[in-house]
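Inspection log for the structure reproduced underneath, given as structure tokens.
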Amino acid sequence: MFPRRHPKFELRSSKFDVGRLLRSVVRPPVHSPITDHYSRPAQRGRTRAPYRAVALREGGFTLIELLVVIGITGLLMALVVPAFTSLRGGTDVTSAAYTIKGVLDTARTYAKANNTYAWVGFYEENTTAATPTNSAPPYPGKGRVLLAIVASKDGTKIYENTDPAGSLPSDRVSQIGKLVKIEGVHLTDIGNPLPTPIPTPVPDTLRARPAIPYTEGSPLDHWNRINSDSSDPTQFPFGVQNYTFYKTIRFNPRGDANINSTYALKHVGEIGVVQTHGDAAPTPPYTGNIVAIQFAGLGGDVKIYRQ
């Protein structure tokens, strides 16, 4: 009797040969016709082989990698969001300035086209105000600017410049357009251009605008600035939709512009616009997003100067 012989195994390597397994898995299957029920399991096995191959070939993110990606994304958002917020604030102030310019241009065009007098009124209140506070300047509220236009029905200026200050009669003026509300800005005196060492500042910037010095009685003085913080005496305010507009600019039939505090013709007038945060407005010296709107006395042309 021969001794019982056991099968011989060769342990070439203790490592699992992944490459050979993959080659065997992805080897193109041999298609043969299915003739009986014994061949069906082999057919099903062959159809599932590509899915196993794809699963082995494709890699995935580990939990650590996902946490690292999320952390980097959060850091980038923290760095980028403030920049977009600042950009939005600058855009708001610029948009407000162009809205004010559009109202002034509308009033001037209406006065010239209809050979009459038109007034633009400015009023400022808190952004949280539910009803008009209707107070005289300096206005206690900040952050919401309202503008309105009225025009003389009979083509006259209604009052002479030397008449005592009194409100425009509601039956002698008509409202032009709708009440305009601008949020997030404050009208104030931003002062004259700062001294600059360069002889030719960049055009259309604050330093390039004509100066309006504080010299009482001169053609260029602080009486020709629209400023919600100022208590300069006013003339001929008017009422629209429960608001009394004390700060006004008047355009005559030629398109010339005069400020409300004195109707002596000036070279230029100015409106300073700064950004607010709710009801809180910045204090001088102003920095950041600042815009100056200047209007010429003769012709009433309006120009915007940005920071």
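Derivation of every value follows stated rules applied to the coordinates shown; laboratory data play no part. Quantities reported herein were computed from a predicted structural model and do not represent experimental measurements. So basically every Cβ, Gly included, is an ideal-geometry build from the backbone, and we count neighbours across all protein chains shown.
Annotations for the structure displayed:
- Which listed pairs, of K181/K266; K101/K181; K101/K178, have C-alpha distances above 19 Å, in listed order: K181/K266
- R0 of 35 Å, Cβ-Cβ distance L75-K303: FRET efficiency to nearest 0.05: 0.25
- Protection proxy ranking, highest mean first, for peptides 224-235, 123-134: 224-235, 123-134, where packing is the per-residue count of other beta-carbon atoms within 10 Å, averaged.
- 5 angstrom amide H check on V240, placed H, neighbours 5+ away: F245
- Relative packing of 238-245, 66-73, which averages over residues the other C-beta atoms within 10 Å, highest first: 238-245, 66-73
- Amide H partners (placed H, <5 Å) of D189, local residues excluded: D229
- In terms of its alpha-carbon gyration tensor, the range 222-307 comes out oblate; a/c meets the 1.5 threshold, while b/c is at least as large as a/b.
- Modelled label positions at Q175 and T131, each set 7 Å beyond Cα in the direction of Cβ, lie 1.8 nm from each other.
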